[in-house]
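The values are calculated or read from the model by the stated rules, or taken from the named source; none is laboratory data. The model shown is predicted, which means the values in this text are computed figures rather than measured ones. We place every Cβ from the backbone using ideal geometry, glycine too, and count neighbours over all the protein chains shown.
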Amino acid sequence: MKLQTLALFFLVALAIGGVAWVFLYPLLSGERHAEKRRASVARSEPVARVSRGAQKSRREQVEETLKQIDVKSKKPKSPPLTTKIAQAGLSWSKQRFMITGGVLGLVAFVLVFAVGGGLVPAVAIGFAAAFGVPMWMLSFLKKRRENKFLNSFPDAVDVIVRGIKSGLPLLDSLKIIATDAPEPARSEFRSIIETQTIGMPIGEACVKLYERMPLPEANFFGIVISIQQKAGGNLSEALGNLSGVLRDRKKMKAKIQAMSMEAKASAVIIGSLPIAVGFLVYLTSPGYIELLFTTDLGRFMIVGSAMWMGMGVLVMKKMINFDF
């Protein structure tokens, strides 16, 4: 029996050692890497095929660069507070923004405490008003400003294309946008011109547009201008293709918004129905529903229901918001 156990142990150890030798040894010893290098050196391919694959057209290089930048922009880093304020179109300083949030929190705390809401609810609402409301306002203003920029940006690119085709330099075409375009495109292109005036190359100045307007469309524009300034090429053709891409993205966004309106309306109805029913019951039979506000169990049920409703609203919002 002991001999059988030793033999079984030996066979198991031999099998594990064989598997490790087959799969781990080539990785640890560098043998697999050496085989790849030998295969790449000994590869027999026609010279014309290699040169044709290596020499990509300028348009393909631009498209690959735009795809890489678009993938990277899916996960942007959180900018500092001053950048968020600038992206929202405000000229406030960081101190003014923090003072405004503190005043809002203090006012909310005093109002809730004055109406007899208690210390803990007053502190919670004051904290939400001090930190949540200002950041929500920044997000709202930033989103509204980005939508305005997207509405006028394809037309601005078309103006640049027509100006270049008529013989104007790129800088003069940008000055036309900085003078006649609606806000916020006018101020953003004026910032590009001012940045270029102080000595920064125009390609880098256009790339800086993405920092003030964190949109893939602005990133596309900056990359196209930067590549053309470094490698040359037909700028009017590249910007014409970019204008077509921008208009296609705008159409797709409008189509998605139209298709999701039914789901958004259903979400609004479902989310507001419990509140509306509770308000109507309170108007018709106040004694029937006032137990939710006068007893501890009722307050606990209200808090639990509010939490579940909030989770449901967030889930529905996640389901009907599409990214492309």
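Observations on the model:
- Residue within region 288-295 that is part of a loop (DSSP other than H, G, I, E, B) and either out of contact with any Lys or Arg (no Cβ under 7 Å at 6 or more places or on another chain) or assigned by TED's automatic domain parsing to the domain that holds Ser173 (or both) present: yes
- Residue ID - surrounded by the most Cβ atoms within 10 Å (Cβ to Cβ), chosen from residues in region 163-213 that are charged (D, E, K, R) and in contact (Cβ under 8 Å) with a residue 60 or more places away in the chain: Arg212
- Tally, over region 220-234, of residues that are modelled with pLDDT of 80 or more and surrounded by fewer than 20 Cβ atoms within 10 Å (Cβ to Cβ): 2
- Selection status of Ala267, of a type in the set (A, V, I, L, M), more than 29 Å from Lys84 (Cα to Cα) and buried (at least 16 other Cβ atoms within 10 Å of the Cβ): yes
- Restricting region 64-92 to residues that are among the hydroxyl-bearing types (Ser, Thr, Tyr) and surrounded by 12 or more Cβ atoms within 10 Å (Cβ to Cβ), the residue that is modelled with the lowest pLDDT: Ser73
- Within this structure, Ala258 passes the test of being of a type in the set (A, V, I, L, M), in a helix (DSSP H, G or I), without any contact (Cβ under 8 Å) to a residue 24 or more places away in the chain and exposed (fewer than 14 other Cβ atoms within 10 Å of the Cβ).
- Restricting attention to region 106-159, the residues that are of a type in the set (Gly, Ala, Ser), closer than 30 Å to Leu170 by Cα and surrounded by fewer than 15 Cβ atoms within 10 Å (Cβ to Cβ) total 0.
- Scan region 274-295 for residues that are of a type in the set (A, V, I, L, M) and modelled with pLDDT of 85 or more and the total you get is 6.
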